[in-house]
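The values are calculated or read from the model by the stated rules, or taken from the named source; none is laboratory data. Owing to the predicted nature of the structure, the values given are computational and were not obtained by experimental measurement. Virtual Cβ from ideal backbone geometry, glycine too; neighbours counted across all protein chains shown. Ligands, DNA and RNA are stripped out before the accessible areas are found, and what is left, the full protein with its side chains, is counted by its heavy atoms. Shrake-Rupley method; radii C 1.70, N 1.55, O 1.52, S 1.80 Å.
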Amino acid sequence: MSKTALIIEDETTLAEHLRSLLSSVGVECNVVHDGAVADDVTMHNSYDIILLDLQLPSVGGIELCKRIRSRDSNVPIIVLTAFSDLDSKMLAFDYGADDFISKPFHGIELLAKVTVFLKRHYRQPDEVQTVHIADLEIDYRTKNVIRGGKRISLTPKEFSLLSVLIEQPGKIFSKTELARRVWNVGFDTGTNTIEVYVSLLRNKIDKPFGVKLIHTKPGFGYCIAEKEP
């Protein structure tokens, strides 16, 4: 079964270029040039990946990203925009984007990212889908997180951060590695973005349950473990 993509881009020439690129690797593409139309299309159709421009008529890309993610927690969303500043990236990530490519971009880079996300989206059923540590459970199929029998609501970035930490319980992940793995960006040493997100995650994962699973190793980074390392 062929994979499908929705390209949401108001520049018609670029949209057709994106269609051509994805078609070259066997991806069937639908193209939409308007944010409101895209909102309606994504309400009634499912796709394996979405390429989303931030500057759109009718409904802006950030708002559209938020709406799409509220309806589908799994579809990969790659944001395409002329904005390359960190604030724009963080805003897109906060509203559910999975990756970010600044215009102009290289077709090879875009196809590489699309291929990676399509492979993740098509994980085989027999692969590990559920992970446990202590009384915490993550279900990657449904994106559900449960601790002590209680379901915990996480944002897409909080879920991604937790997923990285739980890959290797007890391993200390540096801020640089977390920034690269979760946000696909490098941060200046002065930023407190990682600290903020770890704090948000702790408030949901640890604080209501009394027992800490997320630990800080001062000067090194963060880990998830049943006991403090």
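Are any of the pairs Lys113/Lys217; Lys66/Lys217; Lys3/Lys175; Lys113/Lys207; Lys119/Lys143 more than 28 Å apart by Cα-Cα distance, and if so, which?
Working: Lys113/Lys217 32 Å; Lys66/Lys217 34 Å; Lys3/Lys175 35 Å; Lys113/Lys207 36 Å; Lys119/Lys143 17 Å.
Distance filter (> 28 Å) returns Lys113/Lys217; Lys66/Lys217; Lys3/Lys175; Lys113/Lys207.
Could you check the simple spin-label distance between Ala134 and Ala36, using points 7 Å along Cα→Cβ, in nm with one decimal?
The two pseudo-label positions are separated by 5.0 nm.
I'd like the accessible area for Ser199, computed on protein heavy atoms only with a 1.4 Å probe and all protein chains in place. Round to 10 Å², please.
60 Å²
Counting only C-alpha contacts under 8 Å and six or more residues apart, can you give the relative contact order of the chain as a whole percent?
Values: 335 pairs, mean separation 29.3, N = 229.
Relative contact order here is 13 percent.
Using packing as a proxy for protection, rank 221-229, 100-108, 19-27, 51-59 so that the peptide with the highest average count of other Cβ atoms within 10 Å comes first. The partial results should precede the final answer.
Values: 221-229: 16.9, 100-108: 13.2, 19-27: 15.0, 51-59: 19.8.
Descending packing order for the listed peptides: 51-59, 221-229, 19-27, 100-108.
Determine ³J(HN,Hα), in whole Hz, for all residues of the stretch 100-113 in sequence, where each value follows from phi through the Karplus function 6.51 cos²θ - 1.76 cosθ + 1.60 and θ = phi - 60°; x replaces Gly and Pro.
So the J values, rounded to whole Hz, are 8, 10, 8, 7, x, 10, 8, x, 5, 5, 4, 5, 4, 5.
Rg (Å, one decimal) plus Dmax (Å, integer) for the alpha carbons of the stretch 4-120?
So, for the stretch 4-120, Rg and Dmax equal 12.6, 34 Å respectively.
Remind me, relative contact order of the stretch 4-120 in percent, using alpha carbon pairs under 8 angstrom and six or more residues apart?
Working: 183 pairs, mean separation 27.3, N = 117.
Over the stretch 4-120, the number comes to 23 percent.
With every protein chain present, what is the per residue accessible area of the chain (1.4 Å probe, Å²)? All intermediate terms of the calculation are to be shown ahead of the outcome.
Values: 11740 Å² over 229 residues.
Ligands and nucleic acids excluded, the result is 51 Å² per residue.
Which distance in nm do the two modelled labels at Ser70 and Thr13 give, with both placed 7 Å along the Cα-to-Cβ direction?
My value for the distance between the label points is 3.6 nm.
Just how large is the dipole of the stretch 4-120 about the Cα centre, in debye to the nearest 20, putting +1 at every Lys and Arg Cβ and -1 at every Asp and Glu Cβ? Intermediate results must be reported in sequence, preceding the final value.
On the way: 10 positive and 18 negative charges, 78 e Å.
Magnitude of the dipole: close to 380 debye.
Need one number: % antiparallel among DSSP beta bridges in the chain, to the nearest 5. If you can, show how the numbers build up before the last one.
Details: 16 of 34 bridges.
Percentage antiparallel, nearest 5: 45.
Could you check the simple spin-label distance between Asn45 and Lys171, using points 7 Å along Cα→Cβ, in nm with one decimal?
3.9 nm
Please report, to two decimal places, log10 I(q)/I(0) for the stretch 130-224 at q = 0.17, 0.18, 0.24, 0.25 Å⁻¹ as given by the Debye formula with identical point scatterers on the Cα atoms and no solvent.
For the stretch 130-224, the Cα-only Debye profile gives -0.70, -0.79, -1.41, -1.52.
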